[in-house]
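Here is the structure we will look at, set down as structure tokens.
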Amino acid sequence: MFTAIQFPPTSKNLTEAVWKRCFTAIPLRTSPSLLSPDQEVEVKRMIEHSTSAEEGYGYESSWDTCILKHALEENYSISMTQVGIGKMLKRLGFSRTLPAYILKRADRKKQEAFQKELVMILDNS
């Protein structure tokens, strides 16, 4: 569809056109979800209440996009990219976290003493 353009454009028409073009809300391109709402609820429940090892996907104690990719392919016959899975997880309310590093030979008593000392220092300052 073509729109009519005035030639030569007056300064008022030109500024209005520039303002409309710069500040018009452009709808975001989003593709429809590959999972149904019921399937999304089931995936969210699976992630929140079980580990990947409990569901039979390796020996990991946490979920990642690679493991979820295989789970979605097996359970729902849906192929998604890891980026797409990450976006779906964000839409479902999840966020990325890094695993905590725990020393094998850490002394719990020393750690607790340090934490108490740190609390005392922060309270006194």
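Bear in mind that the values in this text are calculations on the coordinates, not laboratory data. Because the structure is predicted, anything quoted here is derived from the model rather than measured. Cβ atoms come from the backbone with ideal geometry, glycine included; neighbour counts cover every protein chain shown.
With an 8 Å Cα cut-off and a minimum separation of 6 or more residues, compute the relative contact order for the range 37-91 in percent. Intermediate results must be reported in sequence, preceding the final value.
On the way: 33 pairs, mean separation 11.4, N = 55.
Relative contact order here is 21 percent.
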Enumerate the calculated ³J(HN,Hα) couplings along the range 114-125 in order (Karplus 6.51 cos²θ - 1.76 cosθ + 1.60, θ = phi - 60°), each rounded to whole Hz, writing x wherever the residue is Gly or Pro. 5, 5, 5, 5, 5, 5, 5, 5, 5, 5, 7, 8
What list of ³J(HN,Hα) values in whole Hz, one per residue of the range 31-48 in order, does the Karplus curve 6.51 cos²θ - 1.76 cosθ + 1.60 (θ = phi - 60°) give from phi, with Gly and Pro shown as x? 8, x, 5, 6, 9, 6, x, 5, 5, 4, 4, 5, 5, 4, 4, 4, 5, 6
Quick check for the range 36-125: number of Lys pairs with alpha-carbon distance under 20 Å, counting only pairs 8 or more apart or on different chains? 5
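Hey, got the dipole for the range 37-91? About the Cα centre, +1 on K and R Cβ, -1 on D and E Cβ, debye to the nearest 20?
Numbers: 6 positive and 10 negative charges, 68 e Å.
My answer is approximately 320 debye.
Local charge sum around residue 55 (other residues, Cβ-Cβ under 14 Å, Lys/Arg +1, Asp/Glu -1)? Mind dumping the intermediate values first?
Working: positive: 44, 45, 69; negative: 42, 48, 54, 60, 64, 73, 74.
Every neighbour counted, the sum reads -4.
From the Cα gyration tensor of the range 51-125, with a ≥ b ≥ c the square roots of its eigenvalues, which class applies: rounded if a/c is under 1.5, or else prolate if a/b is larger than b/c, or else oblate? Display every interim value, and only then the final one.
Numbers: a/c = 4.91, a/b = 2.32, b/c = 2.12.
Because a/c hits 1.5 or more and a/b exceeds b/c, the range 51-125 counts as prolate.
Which of rounded, prolate, oblate describes the range 37-91, given a ≥ b ≥ c as roots of the alpha-carbon gyration tensor eigenvalues and a/c under 1.5 marking rounded, otherwise prolate only if a/b is larger than b/c? Display every interim value, and only then the final one.
Numbers: a/c = 1.42, a/b = 1.27, b/c = 1.12.
Verdict is rounded for the range 37-91.
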